[in-house]
Amino acid sequence: MAKFVYRMQSLLNIQYQLENQAKMELGRAQMRLNQEEEKLQALIDRKAFYLEEGRRMRNDRLHIMDLKDNRNAMLIMDDMIEAQRVQVEIAEEHVEEARMKLQEVMQNRKMHERLREKAFVEFVREENAAEHKAVDELTSYTYGQRGKIKGEQ
C-alpha cells in the first residue's frame, strides 16, 4: 500500500503553530488581567485600612491634621482605584481579543484537519479500488491461464 501524503500538510502545521501562539497569547493576557485585578484588590484593601484608621482617629482624640491627611489619602485612593479599574477593563478587553483570535485559529485548524481526513478517506478509497483492480486482473489472468492449459491437453 502506498504512503498517504497530504499535500497541504504544511498549512496544517502552520495552523498548529498559530494555535499554540494564540494559546500562549491568551495565557499572557490572562496573567496580565490577574495582575491588574490583584493591584485593584490591594488598592481596595488599602482604602479599607484608611477608612478603619479614620474611624479609630475619630474615636480617639481629634487631631484635625491627621483627619485631613486621612481624608486626602482616601480621596487619592479613590482616584487610584478608578484608574486601576480602567486598567482591569483594558486587560479584560485584551483577554477577550486573545480568546476570539484563539477561537478563529482553532476553527481554521479544525477545517484543515477535516480536509485532511477527507483526503485520507479518498486516498483509502482509491487504494482499495486499485487493489481490487489488481486482484481482478490477477484472477482473470489466472483463469485465462487455466483455460489455455486445459485447451492444450
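Any chance region 26-44 includes a residue that's at pLDDT 95 or above, touching a Leu at 6+ places or on another chain (Cβ under 9 Å) and either part of a helix (DSSP H, G or I) or of a type outside the set (A, V, I, L, M) (or both)? Yes, there is a match, as at least one residue in region 26-44 is at pLDDT 95 or above, touching a Leu at 6+ places or on another chain (Cβ under 9 Å) and either part of a helix (DSSP H, G or I) or of a type outside the set (A, V, I, L, M) (or both).
Within region 1-57, the residues that satisfy the criterion of being under 30 Å from V135 (Cβ atoms) and touching a residue at least 40 places away in the same chain (Cβ under 8 Å) are M1, A2, F4, Y6, R7. Tell me yes or no: at least one residue of region 50-60 is over 30 Å from E126 (Cα atoms) and of a type in the set (S, T, Y). Scanning region 50-60, I find at least one residue that is over 30 Å from E126 (Cα atoms) and of a type in the set (S, T, Y), so the answer is yes.
Looking only at region 84-99, decide whether some residue is of a type in the set (A, V, I, L, M, F, W, C) and farther than 30 Å from A29 by Cβ. I'd like the intermediate steps shown before the answer.
Looking only at region 84-99, we keep the residues that are of a type in the set (A, V, I, L, M, F, W, C), and these are 86, 88, 90-91, 95, 98.
Narrowing further to those that are farther than 30 Å from A29 by Cβ: none.
Looking for residues that are of a type in the set (A, V, I, L, M, F, W, C) and farther than 30 Å from A29 by Cβ, one finds none in region 84-99, hence no.
Rundown of residues vs (1) over 21 Å from N13 (Cα atoms); (2) touching a Ser or Thr at 6+ places or on another chain (Cβ under 7 Å); (3) among the polar types (S, T, N, Q); (4) loosely packed, with under 12 Cβ neighbours inside 10 Å, yes/no style:
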{"site": "D69", "(1), (2), (3), (4)": "yes, no, no, no"}
{"site": "N72", "(1), (2), (3), (4)": "yes, no, yes, yes"}
{"site": "I81", "(1), (2), (3), (4)": "yes, no, no, no"}
{"site": "Q87", "(1), (2), (3), (4)": "yes, no, yes, no"}
{"site": "N108", "(1), (2), (3), (4)": "no, no, yes, no"}
{"site": "L115", "(1), (2), (3), (4)": "no, no, no, no"}
{"site": "V121", "(1), (2), (3), (4)": "no, no, no, yes"}
{"site": "A134", "(1), (2), (3), (4)": "yes, no, no, yes"}
{"site": "Y141", "(1), (2), (3), (4)": "yes, no, no, yes"}
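Figure legend. Inter-residue proximity from region 120-144: first residues closer than 20 Å to R7 by Cα, second residues surrounded by 11 or more Cβ atoms within 10 Å (Cβ to Cβ) and of a type outside the set (S, T, N, Q), beta-carbon distance below 7 Å, spacing 6+ or different chains. Indicated pairs: F120/F4; F123/F4. Of the residues in region 31-51, at least one is hydrophobic (A, V, I, L, M, F, W, C) and within 30 Å of I14 (Cα to Cα).
Please verify whether L62 is exposed (fewer than 14 other Cβ atoms within 10 Å of the Cβ), among the aliphatic types (A, V, I, L, M) and part of a helix (DSSP H, G or I), treating the condition exactly as stated.
Details: exposed (fewer than 14 other Cβ atoms within 10 Å of the Cβ): yes; among the aliphatic types (A, V, I, L, M): yes; part of a helix (DSSP H, G or I): no.
It is false that L62 is exposed (fewer than 14 other Cβ atoms within 10 Å of the Cβ), among the aliphatic types (A, V, I, L, M) and part of a helix (DSSP H, G or I).
Residue-level analysis places A98 among those that are surrounded by 12 or more Cβ atoms within 10 Å (Cβ to Cβ), in contact with a Gly (Cβ under 9 Å, 6 or more places away or on another chain), assigned to a helix (DSSP H, G or I) and in contact (Cβ under 8 Å) with a residue 40 or more places away in the chain.
The values are calculated or read from the model by the stated rules, or taken from the named source; none is laboratory data. In this text, all values refer to a predicted model and were calculated from it rather than measured experimentally. Note: ideal-geometry Cβ built from the backbone for every residue, glycine included; neighbour counts use all protein chains shown.
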